[in-house]
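Have a look at the structure below, then the notes.
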Amino acid sequence: MTSLSVGISKYSTAAAASLSRGIHEYSTAVAAVEEPISPGVKLNYTQLFINGQLLMPHQDADVDSAVETAHTVLFLYQGQCCCAGSSTFVHERVYDEFVEKAKARALKRTVGDPFTIQVLAVFRDLEVIRRANSTHYGLAAGGFTENIDTANTLTRALHAGAVWVNRFDVFDAAIPFGGYKMSWHGREKGIYSLSNYLQVKAVVTPMKNPAWL
């Protein structure tokens, strides 16, 4: 990592997991020693965004809407998107219908090299939450359901920084963006993003004749 520019105080990246881990380990090592590893280089803060995303159409989901959303977010930027919905857990009651419609939708798309792959898995009940949370990553997730209780359970239980309901890849400047576990180190957007550029300093000085005494 000796090629880093001189005087870096913050580094933000959405690079691949191996590179992001290397950057984070390097910055941690630099911060742990009194002198920078490389002359003039001291990386004080790293901000990482690593892939980790899934969709979950439930048994009462609008299957047509879920299929179209899954297709769109999977092929967005040819799949080269940190929030590409490449993993989809589908409830067993609508699994066959979803697969049939997802295949038909994909066949209508004109592609070059078929580089993007959608991984489908069937689930029976809310045990899917345990399966979804078993991954090392947790950048984004989406649940499709018409039941508000199911939606509330999914949004609270999933270990993901962004959870959409009956939508996916919806962003706004005021909505914080970042992930959990290995998909996380910092947040962009919203008021939380300000902490990426600030450091807390405590200053204590004596005061003579303070007005409030």
Problem set entry | Matching residues in region 163-213 - criterion: being farther than 24 Å from THR145 by Cβ, of a type in the set (Phe, Trp, Tyr) and in contact (Cβ under 8 Å) with a residue 24 or more places away in the chain | TRP184, TYR197
For this session: Answer with yes or no whether GLY142 is in the same structural domain as VAL63 (by TED's automatic domain parsing), surrounded by 19 or more Cβ atoms within 10 Å (Cβ to Cβ) and either among the charged types (D, E, K, R) or touching a helix residue (DSSP H, G or I) at 6+ places or on another chain (Cβ under 9 Å) (or both).
Result: yes
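Residue-by-condition table, conditions (1) surrounded by fewer than 19 Cβ atoms within 10 Å (Cβ to Cβ); (2) under 23 Å from GLU188 (Cβ atoms); (3) of a type outside the set (A, V, I, L, M, F, W, C); (4) at pLDDT below 75:
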| position | (1), (2), (3), (4) |
| --- | --- |
| ASN44 | yes, yes, yes, yes |
| LEU48 | no, yes, no, yes |
| GLY52 | no, yes, yes, yes |
| MET56 | no, no, no, no |
| ASP62 | yes, no, yes, no |
| SER65 | yes, no, yes, no |
| VAL73 | no, yes, no, no |
For this session: List the number of the failed condition for GLU97; all other conditions in (1) under 19 Å from HIS58 (Cα atoms); (2) buried (at least 19 other Cβ atoms within 10 Å of the Cβ) hold.
Result: (2)
For this session: Answer yes or no: is there a residue in region 148-166 that is over 28 Å from VAL63 (Cβ atoms) and not β-branched (Val, Ile, Thr).
Result: no
For this session: Among what's in region 157-213 and is surrounded by 10 or more Cβ atoms within 10 Å (Cβ to Cβ) and hydroxyl-bearing (Ser, Thr, Tyr), pick the residue that is farthest from the chain's Cα centre (by Cα).
Result: TYR197
Exercise. Does ASN152 satisfy the criteria of being over 15 Å from the mean Cα position of the chain (by Cα) and either surrounded by 14 or more Cβ atoms within 10 Å (Cβ to Cβ) or not assigned by TED's automatic domain parsing to the domain that holds ASP62 (or both)?
Worked result: no
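The values are calculated or read from the model by the stated rules, or taken from the named source; none is laboratory data. It should be emphasised that the depicted structure is a prediction, and the values quoted were computed from it without experimental measurement. Methodologically, a virtual Cβ is constructed for each residue, glycine included, from the backbone with ideal geometry; neighbour enumeration extends over all protein chains shown.
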